[in-house]
Structures are given as structure tokens and as C-alpha cells.
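The structure appears below as C-alpha cells.
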Amino acid sequence: MTLRPLLSVLVLVLGAGCSQGRAYPPGIIVVATANAPSNFDPRVGTDEASQKIHQLLYNHLVRIDDQLRIVPELAESITNPEPTRYVATLRRDVRFHDGRALTARDVAFTFNSFLDPNFTSARKGAYRLLQSVRAVDDYTVEFLLKEPFGSFPINLVMGIVPDGSPASIAQQPVGTGPYKFVSYAADDRTVLAPNTAYFDGAPANDGLVLKVVPDETMRGLELRKGSADMVVNDLAPDVIHTLVDEGRVAIKTATGVDYAYIGFNLRDPMVRDPRVRQAIGFAINREAIVEYLRRGMARVASGVIPPLSWAFADDTFKFTYDPARATQLLDEAGYRDPDGDGGKPRLRLTLKTSTSEVYRVQAAVIQRDLADVGIELELRSMEFATLSADIARGNVQMYTLQWVGVTDPDMLRRVFHSGQIPPSGFNRGHYMSSEVDALLDRATRSTDDAERKALYGDVQRLVARDAPYIGLWYKTNVVVHQPSLQGVTLSPIADYTFLRHVHRGATTTS
């Protein structure tokens, strides 16, 4: 019932927006986004809005394919002749937007930035095992590591900037990508022109405008009026449902890798007991959350590693909706029903979540499910920055969050290894397992994918039983767009690279 006010407001606002308000020629594709980019330098800008634009302005040595494998992009090949040595051989037909040819010197400059003590970037931690980078010749780059690290190639997904790029690249970017930078109006829009000399073929449109529309309902209105051509993963399921029911827009979906979960502070005496965490896992009707709250635009999650990944273990323990099993586990943990059919709870817990309407409604559903097995759940909603700080400090008992863009199994190390407790990493629940640590250490050092898959599989099976996380759902990627657009596709990571194929065809609705 808490969904109804949001839906009513949307219908009212969309119904009022009947005039057409397009401000650009039809060859320009207008994408409505929730946030503005913070930095056009791919080595520095870590927010999602910046990274989306980096994908259009720059290329990487390698990219992530639909099976979440690393495949060449600017590199013709990446070899690993020794456990601590990687060699990239570059394409010879790539030029920057200013006409300069891409060479190994540009690649070496880009990655050496992360070794420069005077260079400031939140990305530096990913290159902690990188010892040196050098241009062997014009089209060969050598990377030396301090120790073997099987997941190192994922760190080569980094936009390449020109050798000697000044700090001003943060505002005036020059890359090799399918689009060139034209202009940026703070908190309003970024304008990009097609790179007609792009090595993989010129874009099919006349350019892009990424228009910042912070309010979700207004993003829907922009689509309704025709003043925006598309929104990618920036609309709630109910908003999408309303727009599609009107029959004026089209949607494309793809299986995604974003992972929503309940996390626990394992230093807390109540949730430290794995039987309590498992009881919570059995008590939550995740299928109902996916069907009704997510409008089917998700799938029930088992663990951090998505099913699309080559490292996914499909034989791990999975929670089902089983309130009877939940109450049995609570009995075993010593939290027995104090008064039979009375109103007293077995135990009281607190869940922190964000102020987002979608997450507050989800938390209310979880609260109801847990009440059915005798757990009284207090909900506390807070702004994301405050929530994130509380989680990092351990000032939580339970919380809900979402990992975005999980593409590499090294994520298991970052969130479950005992050496990754903040501020060193993302083990914010203080999960400790010597067996898991040993497996992750071996997987990190290995450069053999078969061995890594087996080791990561063992980790997933152990973690699934210990339940430091309760997986809720994997997000379905959704692009809502004008029916006249062609070439609209989505990848598992919902990157913006598909936009170069988008163009306007014949309108399919009246």
C-alpha cells in the first residue's frame, strides 16, 4: 500500500505533461541521467555518472564481455609470460581526438600515474601490486607486479589518456573513444559530438546530450514529453511500469550484475550467531520482493558473484522462503517464543537503510516477514552518506545496500577476507574465517583460471552457509526509450558504449 502514493503522483505529473518539448535536432540522442559527472579524467572520476561518460570518450586496453570475461580493446593481445609479468600489444590504427596516434607511451603514462606519489586518485588502491609500467616499443607495454595477482587484468579496464596530459583533462578531456567532448554545463548537461574517425566505425547518430534530471518523476516526464530519448537504469520499477502502460515508450532489458543484500555486523552478539542470520534468510520472501516491488525486473540472488560470471558456483546453498525453518533455527539459537500466540517478540533487531522510496518500502516488507517469525525489526532510514559512514564504522546491526557492477571474483576477497576490514577494504561486517582467508589468498596468487574457479567456488560455498550476507536480488538492467530509436541494446554492466549504435528510425506508435 505504500507504493500507491508514489504511483499516484507519477500518473498525475505525467498526465499533465502533454506538450512536446524537444530542444535538439532528431539526429541528436538525449539521455536523461540522475546525476552530473564530477571529473572527466578516467583516472580520477569514480562516480557512476563520470564513469558512464568516460566509456564514451575513452577506450581501455581491455573490456568486459557479456560473460564478464576480459577481452582486448585497444590491445590486440594481453599475455602473461611470467606470473608477475603482463605484456600488452597495441592496435596500430587508433588516434586521439586531437589527431595524435595512440602509442605505448600513452598507456605507460596512464598507468604510471597510479604509481606517482603526487597523483591523487581513489583508484590507486587497485594498483597496489603494480611495481612498474614501461613502453617496450611504440606498440608494446610491459606491466611488472610485486607478486602474482590473477585478477590484475580487470585493472586494465581503464581509459587511456594522452602522454603528458595536464590536470585540465578533468575539464577538457581528450580520448580515443567514439565521441568527442564539446561542452559541459554544471549540473545541467554534457554535450558530445561523434568521432567520425573512430577506429571501430563512426557513431550512427549526430551526437549525444546527457541531460541531468535529478528528480525521478521528472525523468519520466521528460520521456513522456519527448524532450528526452532514453533513460538507462535510472527509473524505479513503478515508474517504468506506469510509462509502459501508457504505450508511449519502449523498453529493453538485460540480465544485470548489481547485487542487493542484507549485511550484518558480526561483532554484534545477536547476529553473530549464524543460526540467527540463517533464520532471517529463511524468513524473507524474496520471490515476492522481486515480483511485486521490483515488478519482475530482478532475479532472486544467491551470492555476490552473479550467475553470468565464469567463476559463479551454481551448487552453493540457497535460501528458500521457509518460515517454519526460520522459527526452528531461532529455537536452536535460544530465542524461543516467549508467549505462544501473544504479541511478544523472540528478539529485537535494527535495520538501517537509505531514504530512497524503493529501499524504504523494501525494508518495510522485510520488517513484516521477520515479524511473522517473531523478530521485531526497527527500521532507520538515512541519507546514503550517513548510512555508508555508519556501516564503515560498525555502527549498525543489520543494513541493506547494493553492490554495483560486480564483474570479477576478486570481489570475494575484498568483502570477505579478514584483511579487508575497513579502512583496508570492504569487509564491513567483520566476517572472519581462516579457511576462507586461505582459499582467497591462493586464488589471488593463482594465474590459472581453472584453479581460480575451483578456489572461488569453495569460498562461495563456505560463505553461503555462514551467511554474512543475505542476498536479495540481482538487478535487471532496463533502458526506457522512445519507440523511434533503433540500435538500443544493454550489456550486463549497463555501460553506455551501445549509444554509438543508436539512431532514429521510423516511429512505431502514433
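The values are calculated or read from the model by the stated rules, or taken from the named source; none is laboratory data. On a predicted model such as this, the values are computed, not experimentally measured, just so you know. Glycine also receives a Cβ, built like all others from the backbone with ideal geometry; neighbour counts cover every protein chain displayed. Ligands, DNA and RNA are stripped out before the accessible areas are found, and what is left, the full protein with its side chains, is counted by its heavy atoms. Shrake-Rupley method; radii C 1.70, N 1.55, O 1.52, S 1.80 Å.
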Q.
For region 212-260, give me each residue that is out of contact with any Leu (no Cβ under 8 Å at 6 or more places or on another chain), charged (D, E, K, R), open to solvent by less than 30 Å² (accessible area, probe 1.4 Å) and within 19 Å of Leu485 (Cα to Cα).
A. Glu222
Q) Based on what the data block shows, is Asp466 over 27 Å from Asp238 (Cα atoms), touching a residue at least 24 places away in the same chain (Cβ under 8 Å) and acidic (Asp, Glu)? A) yes
(Q) Condition check: closer than 30 Å to Ser491 by Cα, of a type in the set (Ser, Thr, Tyr), in contact (Cβ under 8 Å) with a residue 40 or more places away in the chain and open to solvent by less than 20 Å² (accessible area, probe 1.4 Å). Does Ser309 satisfy that? (A) yes
Q: Restrict the check to region 260-279 and report whether at least one residue is within 23 Å of Leu490 (Cβ to Cβ) and either out of contact with any Pro (no Cβ under 7 Å at 6 or more places or on another chain) or modelled with pLDDT under 95 (or both).
A: yes
Q. Does at least one position in region 56-66 carry a residue that is open to solvent by 40 Å² or more (accessible area, probe 1.4 Å), assigned to a strand (DSSP E or B), at pLDDT below 95 and aliphatic (A, V, I, L, M)?
A. no
Q. Where in region 128-206 are there strands (runs of 3 or more DSSP E), lying wholly inside it, with at least 1 residues that are of a type in the set (Val, Ile, Thr) and in contact (Cβ under 8 Å) with a residue 40 or more places away in the chain?
A. 130-137, 140-145, 189-194
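Tell me yes or no: at least one residue of region 289-302 is in a loop (DSSP other than H, G, I, E, B), in contact with a Pro (Cβ under 6 Å, 6 or more places away or on another chain), farther than 30 Å from Ala454 by Cβ and of a type in the set (A, V, I, L, M, F, W, C).
For region 289-302, residues in a loop (DSSP other than H, G, I, E, B), in contact with a Pro (Cβ under 6 Å, 6 or more places away or on another chain), farther than 30 Å from Ala454 by Cβ and of a type in the set (A, V, I, L, M, F, W, C): present.
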Q: Starting from region 375-398, keep only residues that are under 25 Å from Asp337 (Cα atoms), then list their pairs with residues that are of a type in the set (Phe, Trp, Tyr) and modelled with pLDDT of 95 or more whose Cβ atoms are within a distance under 7 Å, requiring at least 6 positions of separation or different chains.
A: Met398/Phe264
Q | Residue list for region 80-97, restricted to those being surrounded by 15 or more Cβ atoms within 10 Å (Cβ to Cβ) and basic (Lys, Arg) | A | Arg91
Q: May I ask you to list the residues in region 440-497 that are among the aliphatic types (A, V, I, L, M), open to solvent by 10 Å² or more (accessible area, probe 1.4 Å), in contact with a Phe, Trp or Tyr (Cβ under 8 Å, 6 or more places away or on another chain) and under 26 Å from Ile421 (Cβ atoms)?
A: Val463, Ala464
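Determine whether region 472-479 contains at least one residue that is over 30 Å from Leu370 (Cα atoms) and either modelled with pLDDT of 95 or more or acidic (Asp, Glu) (or both).
The answer is yes; a qualifying residue exists.
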